[in-house]
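Q: My structure is below; once you've seen it, I'll send some questions.
The numbers here are math on the coordinates, done by the rules we state, and not lab data. Note that the coordinates shown come from a computational prediction; the quantities given were computed from them, not determined experimentally. Please note: Cβ atoms are built from the backbone with ideal geometry, for glycine as well, and neighbour counts cover all protein chains shown.
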Amino acid sequence: MYTMQSWSCIFLIICSMQSVCHCCDWIRHHYGHLSAEYLSLLDQMGGDITNQNAPVLFPTSLYRHIDDAEFEDKVRFLKETIYQITKLFDGNMKSVTWDKKNLDDFLNILERQLENLNSCVSPAMKPERRLKHYFKKLNRKVLRKMNYSAQAWELIRKETKRHLQRLDILAAQMY
């Protein structure tokens, strides 16, 4: 005989499984499409991507670590990385010479991707501390140190593209 508490636990497990299933379906059928859109817009909004290297090393080890993680951790990583990217683009962009419509479309699609990923992740899950630290460092050593110049934003665009391409690979490996 099941008690009310037992039914409550069963209900939570089923809801959680449905949420994960919905998330799996969404990542499988929609993530790649939106990703292709914002990567294309990222290329179209400015000239050639700079050859200059950012003074902050790309966090390759974080991506290697997440490749072996559980599904939920991968989704959380996707969500947190996109969130950190949206925070970067929330800075002083007066010196940017990019196509404004493409920039707005890029940010809107990125925001849409973030909203969908948010629905897949429990709010109780803590963000990856090292990832958050990396993006703070990128903000400090590129945008602030270079006084939000056009050159600084080009470096941010380059690093953003690297992250979004790597997230695309991660999402493709999830199913």
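Q: Projecting each Cα onto the charge dipole of segment 44-175 (Lys/Arg +1, Asp/Glu -1 at the beta carbon, about the Cα centre), which of Pro123, Leu62, Leu78 comes out farthest on the positive side?
A: Comparing the listed Cα positions along the dipole, Leu62 ranks first.
Q: What area, in nm² and to one decimal, does the C-alpha convex hull of the chain cast on average over all directions?
A: 11.3 nm²
Q: Size of the dipole of segment 61-175 about the Cα centre, Lys and Arg at +1 and Asp and Glu at -1 on the beta carbon, nothing else charged, in debye to 20?
A: My answer is approximately 740 debye.
Q: Considering only C-alpha atoms, what is the centroid distance from segment 42-67 to segment 145-159, in Å?
A: Cα centroid to Cα centroid, the span is 12 Å.
Q: Then there's this: How large is the helix-only mean residue ellipticity at 222 nm for the chain, computed as the sum of -39500 (n - 2.57) over DSSP H runs with n ≥ 4, divided by its residue count, in deg cm²/dmol to the nearest 500?
A: Helix-only estimate at 222 nm: -21500 deg cm²/dmol.
Q: In nanometres, what is the gap between the two model label sites at Lys101 and Ala36, each 7 Å from Cα along Cα-to-Cβ?
A: 2.2 nm
Q: Evaluate the relative contact order of the chain (contact order divided by residue number), counting alpha-carbon pairs under 8 angstrom at least 6 apart; express in whole percent.
A: For the chain, the relative contact order is 39 percent.
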